[in-house]
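The values are calculated or read from the model by the stated rules, or taken from the named source; none is laboratory data. It should be emphasised that the depicted structure is a prediction, and the values quoted were computed from it without experimental measurement. Every residue, glycine among them, receives a Cβ derived from its backbone with ideal geometry; neighbour counts consider all protein chains shown. Accessible surface areas use protein heavy atoms only, side chains included; no ligands, DNA or RNA. Shrake-Rupley method; radii C 1.70, N 1.55, O 1.52, S 1.80 Å.
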Amino acid sequence: MSIEVKDLSFCYNRGTSLEKRALDNVSLSIGKGEFVLIGGEIGSGKSTLVRHFNGILKPQSGSVTVSGMASTDRDVRHKAGLLMQYPQKQLFGRTVFEDVSFGPSNFGIKGDALEQRVADALEQAGLGRDIGSLSPFSLSGGQMRLVALAGVLAMQPEYLILDEPTSGLDPENRSSLLATLKELHLSGISVVVVSHQVCEFLPLADKVILLDNGWVSFNGTPVEYVRSVSSPLPEITLLMKDLIREGFDVRDDILSIDDAFEEIVNALEKRGAGQDE
Amino acid sequence: MIHIKDISYRYPDNTLAIDSLSLNINKGEFVAIAGKNGCGKSTLLRHMNGLLLPCQGSVVVNGMDTSDPSSLMDIRRTAGMVFQDPGSQFIGMTVEEDVAFGPENLGLSQREINERVDLSLQNVGMEGYRYHTPRSLSGGQKQKVALASVLAMKPDIILFDEVTSMLDPCSRKDILSLIENLHENGTTVVYVTHHLEELVHADRLVVMENGRIVHDGHPREILSRNDPEQFGSDLPPVIELARRLADSGLIPADPSSFPLSRAELREVLCRSK
């Protein structure tokens with residue numbers, strides 16, 4: 001079961017003088033349980049693409065299916081939940097509970113089952129259930145974003161799709177959101193992140209897809225990404241590339257601090273041994 | 001330049017935000033202030049041009065006490081401030097009008113005002129946007145205009161409150177290099193930030209916790225040891241790697257030569273190979 005996108009094209013303002021092609025014959029597949037990062041410049045079509053995954057936009061040509069269900073089916077929103085950019089702007093409830101329970105209660109869940117869903121969702125979002133009685137507007141920006149995330153999780157989606165989830169967050173809230181996403185992924189949810197800050201998510205991702213003017217310009221693993229794409233690259237990868245230019249024998253596809261440390265230790269040891277001989 | 005003596009500040013809800021804090025900032029320094037959310041760093045900054053007044057203690061800027069209402073105009077002319085959200089401080093219909101607002105209020109001649117607007121816009125590389133409306137600009141461009149408006153007042157000190165936090169990495173680099181230039185040309189810079197990788201430019205780092213100063217020294221000294229938990233952010237990957245290499249004895253552990261950037265770490269490694 002997966003998200004399958006076949007020959008998807010989409011134009012804004014079709015048939016008018018303002019017509020703008022956002023997606024051009026895009027085909028790709030996102031497997032169940034994967035953590036997929038969709039990157040690209042502003043205006044490359046990333047957000048347009050993922051809005052097709054839960055049926056907010058309907059394909060003008062081509063098709064999108066989620067676990068076998070056409071994205072035009074209303075029930076696709078059970079399968080794919082989308083957290084939009086600056087989701088805290090969408091909060092409306094008097095209490096956090098009211099806000100998070102809105103989705104499931106619209107699908108007929110009530111009573112203890114609803115309470116349990118909300119509690120689980122708040123827990124998953126890293127908030128704790130006690131927050132349920134507070135007004136969402138009394139919370140910090142970072143917490144409000146997590147409440148919005150809990151609202152999506154309360155629908156128990158198979159695919160969690162997040163559009164620029166870290167934009168505007170300070171480093172503290174950003175690293176805790178990244179940790180939450182990692183946990184969610186480990187618990188079996190498929191995660192799709194749209195971001196123009198590709199480097200931030202590379203260490204978490206199984207797969208990277210880059211869009212350029214509505215085209216898929218890259219589709220591969222993070223390691224393939226750092227080998228074949230010239231920018232943007234994580235500082236650690238750039239350091240290794242610098243060191244190679246300086247004559248160090250290290251790999252050029254390093255993403256994590258652990259791997260970088262090991263490579264440098266080995267390179268220095270080899271060099272030391274070479275000098276001893 | 002700025003003498004802060006034993007100040008405390010409570011918010012209207014009685015939360016203690018600054019707790020008996022003293023700090024002297026010297027002329028020409030580039031001082032970065034870091035710390036976790038709610039540690040009081042922005043509150044402290046707002047004391048440095050009299051936007052907030054301490055409940056006890058005193059703040060003296062260039063010899064003027066912020067508690068003296070008759071000095072406030074001069075204090076704000078001496079110490080300009082750039083805020084986190086540049087959109088929130090525009091008042092003009094055009095970029096030019098916005099930058100001219102400050103100098104106009106000083107009662108300067110039209111010629112002097114024009115000269116200041118020209119020079120400030122040139123300094124931030126925005127002269128081509130003179131007749132644009134500020135709202136049509138990108139986040140980074142807005143922040144440059146906000147900085148130009150402050151420069152037009154020819155301040156001796158500029159206070160920056162998390163000015164890069166809403167910017168993309170490219171605009172962030174632009175703004176940082178502008179600030180670096182200002183510092184090189186003699187402006188005193190006080191820079192509140194969450195982003196530790198930006199501290200490479202500072203010659204002094206102040207770390208705050210619960211309204212008090214817990215570290216005050218060169219960024220190398222402070223970032224080469226100490227629990228990153230206090231800084232309000234993970235260590236930048238290059239600094240974390242450098243710390244691990246220093247701990248294992250692969251690069252010198254001396255804080256005065258501790259590398260803070262990718263270029264510095266590369267150099268240190270080349271020397272130790």
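Miscellaneous remarks
- In the full protein context, the stretch A:234-277 carries 53 Å² of accessible surface per residue, based on a 1.4 Å probe and ignoring ligands, DNA and RNA.
- Two-decimal log10 I(q)/I(0) for the stretch A:2-227, as the Debye equation yields it once each C-alpha is a single scatterer, q = 0.09, 0.14, 0.15 Å⁻¹: -0.36, -0.87, -0.99
- Separation of the residue A:175 and residue A:259 label points, Cα + 7 Å toward Cβ, nm: 2.1
- Calculated SAXS-style log₁₀ I(q)/I(0) at q = 0.11, 0.13, 0.14 Å⁻¹ - chain B, Debye, Cα scatterers: -0.66, -0.90, -1.02
- Lys, Arg +1 and Asp, Glu -1 on Cβ, resulting dipole of chain A about Cα centre, debye, nearest 20: 1420
- Compactness ratio for the protein assembly as shown: Cα radius of gyration over 2.2 N^0.38 Å (N = residue count) comes to 1.07.
- Rounded to the nearest 20, the Cβ-based charge dipole of the stretch A:64-159 about its Cα centre (Lys and Arg +1, Asp and Glu -1) stands at 280 debye.
- Per the Debye calculation on the stretch B:192-273 with a single equal scatterer at every Cα and no solvent contribution, log₁₀ I(q)/I(0) for q = 0.14, 0.26 Å⁻¹ amounts to -0.44, -1.39.
- Legend: Rg and Dmax of the stretch A:234-277, from Cα coordinates, 10.6, 36 Å.
- Residue A:230 versus residue A:135: modelled label distance in nm, points set 7 Å from Cα along the beta carbon direction: 5.3
- C-alpha center-to-center spacing [the stretch B:108-163, the stretch A:100-177] in angstrom: 41
- Taking every DSSP beta bridge that has both ends in the protein assembly as shown, the antiparallel portion is near 50%.
- Size descriptors for the stretch B:139-203, from the alpha-carbon set: Rg then Dmax equal 11.0, 29 Å.
- Convex hull per residue volume in Å³, alpha carbons only, for the stretch B:1-155: 133
- Pairs from the table (A:6/A:46; B:5/B:41; B:36/B:142; B:5/B:27; A:32/A:182; A:6/A:32) lying more than 19 angstrom apart at Cα are B:36/B:142.
- Filtered chymotrypsin sites (Phe, Trp or Tyr not before Pro), the stretch A:1-104: DSSP coil and at most 13 other beta carbons within 10 Å: A:92
- Exposed loop sites, defined as trypsin sites (Lys or Arg not before Pro) outside DSSP H, G, I, E and B with at most 13 other Cβ atoms within 10 Å, are absent from the longest region of chain A, namely A:111-277.
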